[in-house]
Amino acid sequence: MSNLTPIEPITQISHRIIRILGQNPGRFTLQGTNTYLVGNSSPYVLIDTGEGKSAYLPLLISSLGPEGSISDIIITHMHKDHWGGLAGVLGLLTKQGKPKPKIWKWKNPETDAAIVKSVPEGSYEPSEGSEVIHFLANNQIFTLGETILKVIHTPGHTEDSICLQMDDGSIFTADSVLGESTAVFGHLRPYLDSLRQLSSLSPTSLYPGHGIVILNGLKTLEDYITHRQIREDQIMSLLQRQPSGPEQGTRLPGAWESKSKNKGEGGWSVEELVLEMYADVGFVLQNAAARGVILHLEKLLDEGKIKKHNRTKNEEEWVLAH
Ligand SMILES: [Zn+2]
């Protein structure tokens, strides 16, 4: 974390965006989760609520000011570091006698129940159907005085991830694009589609869920896409030949060692691909890289470009489909 750019607890990013840090720094949350208070004047929209650290609430109070209120809270996706603070925020607004906000989120039947359960009774404005959560729709518009936010469904990091584009072309990306370090994704194909969709909007700045503001949003998105394409091309070209044996290649101390004893029919195991593609990094990064390689392989399998079969009872190998 030491190489991350420090982020102040409260940052006035522009005349209509205040970033409030969730006070939850960590290995996965980087400097902590960013929450954004958006709008020219009260009532504001709050994008995400942090994970529920008590140190967050005084920051929100001082950002809102005595007269400020929140009309809508938009949760960008299911990860708890983005919604765990919801109950605290609602409790605070109730205590201060402020209007009840609406809670918005992309519908996710599997994980929304936990959010609903966390919310104090009577602290929010329910939907027409008396539901706690108002479900977001693609291209839905929030109008806050002169500020307009448009919802973009961007599955990939999670199935229920959304981004919000502002009228000036900037985008709140949540965890689909991070300010520093690379984003993780659950499924590669929808993730790449989402990145392409975001880049087709030619965004200016990106306001990520973690890390600093990205000033050249379009370039960053193109870099993310190119990086994935390079990895995919690399896998496809490795599958055109046979893996070199376990004795070959460079290996750093502590890095993965190929355990394969049984050479298959020219296919590659995940381990062999990782060793070849990430020969120059230690095992911590190789473990992380393996997950990325598997997601690439699943995408290529889905697309019918590669196949997998069992090399031994417990080991799979991957080959080109032809
Ligand atoms: Zn996330």
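The values are calculated or read from the model by the stated rules, or taken from the named source; none is laboratory data. Quick caveat, the model's predicted, so the values are computed rather than measured. Using ideal geometry, Cβ is built from the backbone for each residue, glycine included, and neighbour counts are taken over all protein chains shown. When the accessible area is computed, the model is the full protein with side chains, heavy atoms only, and any ligands, DNA or RNA have been set aside. Shrake-Rupley method; radii C 1.70, N 1.55, O 1.52, S 1.80 Å.
In this structure the amide hydrogen of Arg311, modeled in the peptide plane, comes within under 5 Å of the amide hydrogens of Glu316, Glu317, none closer than 5 places in sequence on its chain. Overall form of region 177-233: prolate. Here a/c, set by the Cα gyration tensor axes a ≥ b ≥ c, is 1.5 or more, and a/b is the larger of a/b and b/c.
With viscosity set to 1.567 mPa s at 4 °C, what whole-number translational diffusion coefficient in µm²/s follows for region 1-97 from Stokes-Einstein and a Kirkwood radius over Cα pairs? Please list the in-between numbers first.
Values: Rh = 13.4 Å.
My calculation gives 97 µm²/s for D.
Show me the chymotrypsin sites (Phe, Trp or Tyr not before Pro) within region 15-62 that DSSP assigns to loop and that have at most 15 other Cβ atoms within 10 Å of their Cβ. List each step's numbers first, then the result.
On the way: sites: Phe28, Tyr36, Tyr44, Tyr56; in loops: Phe28.
Here the sparse-neighbourhood loop sites are Phe28.
Throw me the Rg/Rh for region 37-156, computed over C-alpha atoms with Kirkwood Rh, two decimals. Can you show the working numbers first?
Details: Rg = 13.6 Å, Rh = 14.6 Å.
Looking at region 37-156, the ratio lands at 0.93.
Applying a threshold of 31 Å to the alpha-carbon distances of Lys117/Lys150; Lys53/Lys100; Lys219/Lys305; Lys150/Lys305; Lys105/Lys307 flags Lys150/Lys305; Lys105/Lys307 as lying beyond it. From the square roots a ≥ b ≥ c of the eigenvalues of the alpha-carbon gyration tensor of region 101-146, which class results: rounded (a/c under 1.5), prolate (a/b over b/c), or oblate? It is oblate, given that a/c is not under 1.5 and a/b is not larger than b/c.
Take the eigenvalues of the Cα gyration tensor for region 10-231, scale each by 5, and report the square roots as semi-axes in whole Å, largest first.
Details: eigenvalues 142, 68, 56 Å².
Over the Cα atoms of region 10-231, the semi-axes work out to 27, 18, 17 Å.
In whole percent, how big is the carbon plus sulfur part of the accessible area of region 10-231, probe 1.4 Å, protein atoms only? So the carbon and sulfur contribution to the accessible surface is 54 percent. Long hydrophobic helices in the chain, taken as whole DSSP H segments with a C-alpha length of 15 Å or more on their own axis and mean Kyte-Doolittle hydropathy at least -1.0: 188-200, 217-238, 283-302.
Given a Förster distance of 25 angstrom, what is the FRET efficiency for Ser202 paired with Asn40, based on the Cβ-Cβ distance and rounded to 0.05? Intermediate values should be presented prior to the final figure.
Values: r = 24 Å, r/R0 = 0.96.
Efficiency, from the Cβ-Cβ distance: 0.55.
Taking packing as the residue-averaged number of other Cβ atoms within 10 angstrom, the listed peptides 140-151, 193-204, 269-280 run from highest to lowest as 269-280, 193-204, 140-151.
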